[in-house]
Amino acid sequence: MKRGPMKHGLMSRGAPTAKLEILASALALALGFFLVCGNLEAQEQPISDHTFDRALANGEAMPRLHSLLVSRRGTLVLERYFHGTDRHDVANVKSVSKSIVSALVGIAIERGYISGVDEAIVDYFPRALDGGVDPAKRSITIENLLTMQAGLRPTSNRYYGAWVLSPNWIEFALAQPVEEPPGGRMRYSTGNTHLLSAILTQTTGRSTLEFARAELGAPLGFHLSSWPTDPQGIYFGGNDMELTPRQMRAFGELYLNGGRVAGRQVVPAAWVEASLQPRTESPREDGRYYGYGWWVRSMAGYQTPYAWGYGGQFIILVPDLQTVVVTTSSSTPGDDRRSHTRRLYGLIENDVIAPLGAALEAGR
């Protein structure tokens, strides 16, 4: 029986011709895809092997430096360990812990454990804040603790030793005199974030360690090590957490990606945005600000929020470059620790961020 013509033009032609046309179309598509991807690759990966040569040379000359990692768009473009360390070594990240505590507070607020940043802390510590205490203390809020604007005499720097040797860290911190009105000038104090750890413990019904392991460590794919507690068993809020450099990088990537990892919203996006906004200026250095547990300053012309720990522990976000920079250093006291930190700031700004920005700009 004679068949009528096919309705579709391509299939009505002879079979060999149709197959050749299909093959030619497929090759053209493949070639176009290859060319587009090649151009994208040229734009996305303009970083040469020598971009960070100066950073590596200067890093080798810094005896306290242990690691330097640079991650862009979730891919490590530099990972180097110095002076006998490797990627498995944990670092005492010191006050980087404050940024992690801030994340936990944001999660607790989103879950309804804490009503919000405007909540006064007096109800959490009635024994310490009731009675004849300065009325200003009863107006201290969650936000004041996060931004280091509680106004109490600090428990850091020269006051730190007396605080951690006291029998009750919470009562000691709250017993300090009011030196600024709450919400006023910044007064950096680790006691503030330790109060937040105590509040997390009360509201969640879990220790800060348990809450952090479940809500941060597990989603980020690592087991968070235990760290010290105060005499009452409250995990140190704002100091002495231990992380590997890659774990620090994972936390930085989480914030760079608006609180999301692997399609899951771990930290509320609004909290991430609020945390990285400059809210108060450091009284020690012009142009350096503080958000919710994060520092903010300009580096190489880019606004860079960062978590900073004593001795040279850094998680630095460069949103305009979609980049995270991580460093770890010796956290033991020493006469050279301040000069090391100054040199490290210079290395990060001038030898990492500036050449990376220039390389990316040249590739556009």
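With the requirement that a residue be assigned to a loop (DSSP other than H, G, I, E, B) and in contact with an Asp or Glu (Cβ under 7 Å, 6 or more places away or on another chain), what does region 95-136 give you?
Matches in region 95-136: 117, 118.
Under 7 Å between Cβ atoms, which residue pairs at least 6 apart in sequence (or on different chains) link something in region 199-227 that is closer than 20 Å to residue 261 by Cα with a partner that is buried (at least 19 other Cβ atoms within 10 Å of the Cβ) and of a type in the set (Ser, Thr, Tyr)?
What qualifies is 211/204.
Go through (1) without any contact (Cβ under 8 Å) to a residue 24 or more places away in the chain; (2) more than 18 Å from residue 236 (Cα to Cα) and name the single condition residue 77 misses.
(1)
For region 123-143, enumerate the residues that are under 17 Å from residue 177 (Cβ atoms) and either surrounded by fewer than 17 Cβ atoms within 10 Å (Cβ to Cβ) or in contact with a Gly (Cβ under 9 Å, 6 or more places away or on another chain) (or both).
If the condition is that a residue be under 17 Å from residue 177 (Cβ atoms) and either surrounded by fewer than 17 Cβ atoms within 10 Å (Cβ to Cβ) or in contact with a Gly (Cβ under 9 Å, 6 or more places away or on another chain) (or both), then 131, 132, 133, 134, 135, 136, 137, 138, 139, 140 are the ones that fit.
Residue by residue through region 338-364, note down the ones that are of a type in the set (Lys, Arg), part of a helix (DSSP H, G or I) and over 12 Å from residue 65 (Cβ atoms).
Listed by number, the residues that qualify are 338, 342.
Any residue in region 98-108 that is of a type in the set (Ser, Thr, Tyr), in the same structural domain as residue 334 (by TED's automatic domain parsing), surrounded by 18 or more Cβ atoms within 10 Å (Cβ to Cβ) and modelled with pLDDT of 95 or more?
no
Matching residues to (1) crowded, with 23+ Cβ neighbours inside 10 Å; (2) farther than 30 Å from residue 118 by Cα:
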| site | (1), (2) |
| --- | --- |
| 289 | no, no |
| 310 | no, no |
| 315 | yes, no |
| 348 | yes, yes |
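Given the options 234, 199, name the one that is out of contact with any Asp or Glu (no Cβ under 7 Å at 6 or more places or on another chain), under 27 Å from residue 311 (Cα atoms) and crowded, with 20+ Cβ neighbours inside 10 Å.
Exactly one residue qualifies, and that residue is 234.
Could you please find all residues in region 144-196 being part of a loop (DSSP other than H, G, I, E, B), small (Gly, Ala, Ser) and surrounded by fewer than 20 Cβ atoms within 10 Å (Cβ to Cβ)?
Matches in region 144-196: 156, 166, 183, 184.
Residue by residue through region 103-116, note down the ones that are over 18 Å from residue 259 (Cα atoms) and in contact (Cβ under 8 Å) with a residue 40 or more places away in the chain.
113, 114
The values are calculated or read from the model by the stated rules, or taken from the named source; none is laboratory data. Bear in mind the structure is a predicted one, so any value in this text is a computation, not a measurement. So basically every Cβ, Gly included, is an ideal-geometry build from the backbone, and we count neighbours across all protein chains shown.
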